[in-house]
Amino acid sequence: MTRLFAQRSPLVLGCLLALSPGCNDYEILKLEAEDIFYQLEASEVDVLLVVDNSCSMQPYQQKLSQNFDAFLTYFIEGNVDYQVGVVTTTVTDVTAYGSCTQAMVNAIPEGGYLVDGLIIDNDTDDADALFSDAVSVGVCGSGYEMGLESAYRAVTPPLSSDANFGFLRDEAYLSVIFVSDEEDVSPMGVNSYINELADVKGERLDDGFNASSLVVTDYDDCSNQQQASGATEGTRYLDVARQTNGVIGNICADDFESVVTELSLASSRLTDTFTLTDLPVVESLVVGVDREEVLCDSGEWSYELVEEGDTKTANIVFDRAHMPPPQTEVTVKYDRGDGDPEGFCGGEEED
């Protein structure tokens with residue numbers, strides 16, 4: 001996949017109606033296409049973190065526990081009513097081994113049970129500390145990680161109406177985040193789990209479920225130590241994330257904060273990227289938020305051309321600090337063209 005970004009340069013385009021006193025009002029420009037998007041507010045989101053608790057996970061759990069503030073970034077900015085629960089990837093029985101005593105093994109929640117029965121929400125006191133404890137699920141769990149099965153059990157009967165009652169809310173979106181350094185070995189096929197998890201929301205919400213995966217995306221990206229610890233590509237988790245428009249992150253990466261922030265964005269249902277219906281003449285692009293033009297040289301947005309094989313996709317990408325807030329309308333007007341980034345905002349194409 002090739003991504004071509006247009007450089008943000010001062011606007012050199014002449015006004016199409018230079019002799020008109022209203023030449024700064026983009027509403028009067030006669031352009032061929034207009035795409036209208038809405039930054040929808042996901043007022044309620046239930047987030048289920050599925051954390052691998054096998055013997056190699058201690059460093060990853062630690063980094064995850066230290067980034068709760070980053071994880072909440074877009075929930076707070078989007079004024080989202082959130083709930084967060086944690087389950088482990090252990091579904092099968094475990095016996096004591098190595099430094100894991102029987103008492104440690106006995107403390108592992110059964111597959112699909114929320115850790116400590118805890119639900120963290122907007123009103124939870126000491127949420128940071130509770131989150132840190134909850135995702136530090138230990139490393140005495142099963143080496144046969146069944147994250148998909150555990151997630152499925154957590155949000156379906158009998159657990160959803162008994163031990164985990166209160167986690168799922170009728171009008172809330174469901175976001176599941178898998179965190180593991182090894183492949184999932186759950187018994188059902190990936191599509192079966194996707195269908196079962198999507199059915200939890202039924203017809204009450206359009207696209208009411210998505211899943212993201214912080215897993216091994218490429219074995220070669222892991223260090224020698226990570227490889228020696230048993231890292232394997234999480235292909236099943238990756239498949240779920242791709243099919244449900246979730247975020248994919250590399251668990252072997254040193255920088256957890258940026259990927260956790262991406263997870264926050266995906267789970268909050270806000271977006272910084274708006275895909276155009278057609279390829280534009282980039283010189284003609286006119287972007288508005290709630291019908292107020294946002295100039296291309298403002299630094300608030302950029303143009304991106306994504307090439308995958310023979311397919312080209314044109315995106316308007318907002319800077320995260322200037323992302324359209326919930327319940328706003330984003331309008332993009334343009335003439336149809338080849339999408340070539342060169343010439344955008346008077347600049348040249350970046351290499």
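Kindly indicate the residue of the stretch 115-174 that is β-branched (Val, Ile, Thr) and out of contact with any Gly (no Cβ under 7 Å at 6 or more places or on another chain) and also farthest from residue 235 (Cα to Cα) among those meeting that condition. Among those that are β-branched (Val, Ile, Thr) and out of contact with any Gly (no Cβ under 7 Å at 6 or more places or on another chain), it is 124. Do you know which of the residues in the stretch 253-276 that are modelled with pLDDT of 95 or more and not polar (S, T, N, Q) is farthest from the chain's Cα centre (by Cα)? Taking the candidates together, the pick is 276. Note on the stretch 102-147: residues that are of a type in the set (A, V, I, L, M) and either part of a helix (DSSP H, G or I) or out of contact with any strand residue (DSSP E or B) (no Cβ under 9 Å at 6 or more places or on another chain) (or both) amount to 11.
Within the stretch 318-351, can you find the residues that are among the acidic types (Asp, Glu) and assigned to a loop (DSSP other than H, G, I, E, B)? Quick ask: steps written out before the conclusion?
Taking the stretch 318-351 first, the residues among the acidic types (Asp, Glu) are 319, 329, 335, 338, 340, 342, 348-351.
The answer is 319, 335, 338, 340, 342, 348, 350, 351.
Would you confirm, using the coordinates I've provided, whether residue 167 is surrounded by 17 or more Cβ atoms within 10 Å (Cβ to Cβ), in a loop (DSSP other than H, G, I, E, B), touching a residue at least 60 places away in the same chain (Cβ under 8 Å) and assigned by TED's automatic domain parsing to the domain that holds residue 112? Judged against the criteria, residue 167 is a match.
The values are calculated or read from the model by the stated rules, or taken from the named source; none is laboratory data. These numbers come from a predicted model, not from an experiment. Cβ atoms come from the backbone with ideal geometry, glycine included; neighbour counts cover every protein chain shown.
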